[in-house]
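The values are calculated or read from the model by the stated rules, or taken from the named source; none is laboratory data. Just so it is clear, the structure is predicted and the values come from calculations on it, not from any experiment. Heads up, the Cβs are rebuilt from the backbone with ideal geometry, glycines too, and the neighbour counts pull from every protein chain shown.
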Amino acid sequence: MSPESVPAPPAPVSGAPGTGRMGGAPRPGRIVLHAVLIVLSLLMVTPFVWMLLSSLKTHEEVLAYPPTFLPTVWDWANYPEALEWAPFGTYFRNSLVIAVSHTVINVVIAAMAGYALARVEFRGRSLVLLFVLAAMMIPTFSKLVPQYLLAKTMPFFGGNDFLGRGGSGWLDTWWGLIVPGAVTPLAIFLFRQFYLSLPRELEEAARMDGLGEFGIFARIMTPLMKPAIATVALITFENGWNNFVWPLIVTRSVDLRVIQVGLATFRQADQVQWEYLMAGTVLATLPMIVLFLFTQRYFVQGFATAGIK
């Protein structure tokens, strides 16, 4: 039999086992997975929808029982009235300054620390990494008292002497709001993981071209770290924007009050202005939603890549 007369093998059927392609009707397992994800998504978004609708109800309707899902009267005046209730312009400014300052400081310092732990050989590097990992395991609230004592006894600030006595230190100051917690061990660890994932050939080629260690860090490696920078920036900004406990402890004046503390003004001893509280919470949530929409691609990619090494 000549080679020309040998029949060609049949083309693989779409969706047949072993073809690697999915065709025809979807699998039952995939349908169940999508149904579960849809239900979980609805459960996650329901509180935000309820908050938005409650911000548009009247005070009587918010307190009515049984509660209504949609407002009978859409009271859009709740938003300007909530802004007039307290100096929310000052609160927004303070939260923005703290969040931006924390983001810039954390990205810059954590990137340098992560690069050193990933690329620079020095004695005790493993021990430093161990301390960073250990710091990630310390509960946040267990650090409040030591941080408060350090802020209060800061030498040469707030009337303190060189031993940190006699004054208030960093209490009720911008220093006390910005410096503590500006650099996080999680950011250092994430940057280290990203720098480990970059090929060493880039570093070696840069050294052959005469670049020093800082030049390699700033001009070669860091420009390739957009997912890591976006991930750390988003997490840091969110933590700084939503910080409530530390600003409440370290400040007393209204001029330094942040948005999360300012929202507590709607909770009086005898009643709660729920419609204003919901309106203020919606306004406080909008910056984080907008920021996440612009950075979600890098954010998801950043956490996916961080677990490679």
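Listed residues LEU129, LEU70, LEU83, LEU144; which is surrounded by 15 or more Cβ atoms within 10 Å (Cβ to Cβ) and modelled with pLDDT under 90? Walk me through how you get there before you give the answer.
Numbers: LEU129 fails: modelled with pLDDT under 90; LEU70 fails: surrounded by 15 or more Cβ atoms within 10 Å (Cβ to Cβ); LEU144 fails: modelled with pLDDT under 90.
Unique residue meeting the criteria: LEU83.
For ARG257, only one of the following conditions fails: (1) at pLDDT 90 or above; (2) in contact with a Leu (Cβ under 7 Å, 6 or more places away or on another chain). What is its number?
Unmet for ARG257, out of (1) at pLDDT 90 or above; (2) in contact with a Leu (Cβ under 7 Å, 6 or more places away or on another chain): (2).
Mind telling me which of the residues PHE157, PHE141 ends up being aromatic (Phe, Trp, Tyr) and touching a Phe, Trp or Tyr at 6+ places or on another chain (Cβ under 6 Å)?
Working: PHE141 fails: touching a Phe, Trp or Tyr at 6+ places or on another chain (Cβ under 6 Å).
Going through PHE157, PHE141 in turn, just one is aromatic (Phe, Trp, Tyr) and touching a Phe, Trp or Tyr at 6+ places or on another chain (Cβ under 6 Å): PHE157.
Residues to consider are TYR195, TYR276; find the one that is of a type in the set (Phe, Trp, Tyr), part of a helix (DSSP H, G or I), under 30 Å from TRP74 (Cα atoms) and over 15 Å from the mean Cα position of the chain (by Cα).
Numbers: TYR195 fails: under 30 Å from TRP74 (Cα atoms).
Being of a type in the set (Phe, Trp, Tyr), part of a helix (DSSP H, G or I), under 30 Å from TRP74 (Cα atoms) and over 15 Å from the mean Cα position of the chain (by Cα) holds for just one of TYR195, TYR276, which is TYR276.
Of the residues that make up the range 257-276, is at least one under 25 Å from ALA187 (Cα atoms) and polar (S, T, N, Q)?
In the first step, residues of the range 257-276 are kept if they are under 25 Å from ALA187 (Cα atoms); the result is 258-260.
Now narrow it down to the ones that are polar (S, T, N, Q): 260.
Yes, that holds for at least one residue.
Go through the residues of the range 56-77 one by one and say whether even a single one is among the polar types (S, T, N, Q) and under 31 Å from the mean Cα position of the chain (by Cα).
As a first pass, look at the range 56-77 and keep what is among the polar types (S, T, N, Q): 58, 68, 72.
Restricting the remaining residues to those that are under 31 Å from the mean Cα position of the chain (by Cα) gives none.
Checked the range 56-77: no residue is among the polar types (S, T, N, Q) and under 31 Å from the mean Cα position of the chain (by Cα).
Condition test on ASN106, is it in a helix (DSSP H, G or I), under 19 Å from the mean Cα position of the chain (by Cα) and closer than 18 Å to PHE217 by Cα? Steps first, please.
On the way: in a helix (DSSP H, G or I): yes; under 19 Å from the mean Cα position of the chain (by Cα): yes; closer than 18 Å to PHE217 by Cα: yes.
When the stated conditions are applied, ASN106 passes them.
Answer yes or no as to whether THR265 is in the same structural domain as PHE88 (by TED's automatic domain parsing), over 13 Å from the mean Cα position of the chain (by Cα), at pLDDT below 85 and in a helix (DSSP H, G or I). Outline the logic, then answer.
On the way: in the same structural domain as PHE88 (by TED's automatic domain parsing): yes; over 13 Å from the mean Cα position of the chain (by Cα): yes; at pLDDT below 85: yes; in a helix (DSSP H, G or I): yes.
Here the answer is yes, as THR265 does meet what is asked.
Criterion first (in contact with a Lys or Arg (Cβ under 8 Å, 6 or more places away or on another chain), part of a helix (DSSP H, G or I) and of a type in the set (Asp, Glu)) does GLU238 satisfy it? Talk me through it step by step, then tell me what you get.
On the way: in contact with a Lys or Arg (Cβ under 8 Å, 6 or more places away or on another chain): no; part of a helix (DSSP H, G or I): yes; of a type in the set (Asp, Glu): yes.
Criteria not met by GLU238.
Return yes or no: is LEU198 within 30 Å of SER55 (Cα to Cα) and either modelled with pLDDT under 90 or surrounded by fewer than 19 Cβ atoms within 10 Å (Cβ to Cβ) (or both)?
Details: within 30 Å of SER55 (Cα to Cα): no; either modelled with pLDDT under 90 or surrounded by fewer than 19 Cβ atoms within 10 Å (Cβ to Cβ) (or both): yes.
No; evaluated as a whole, the condition is false for this residue.
Quick one: would you say VAL261 is buried (at least 18 other Cβ atoms within 10 Å of the Cβ), touching a Pro at 6+ places or on another chain (Cβ under 8 Å) and within 30 Å of ALA151 (Cα to Cα)?
Values: buried (at least 18 other Cβ atoms within 10 Å of the Cβ): yes; touching a Pro at 6+ places or on another chain (Cβ under 8 Å): yes; within 30 Å of ALA151 (Cα to Cα): yes.
Yes.
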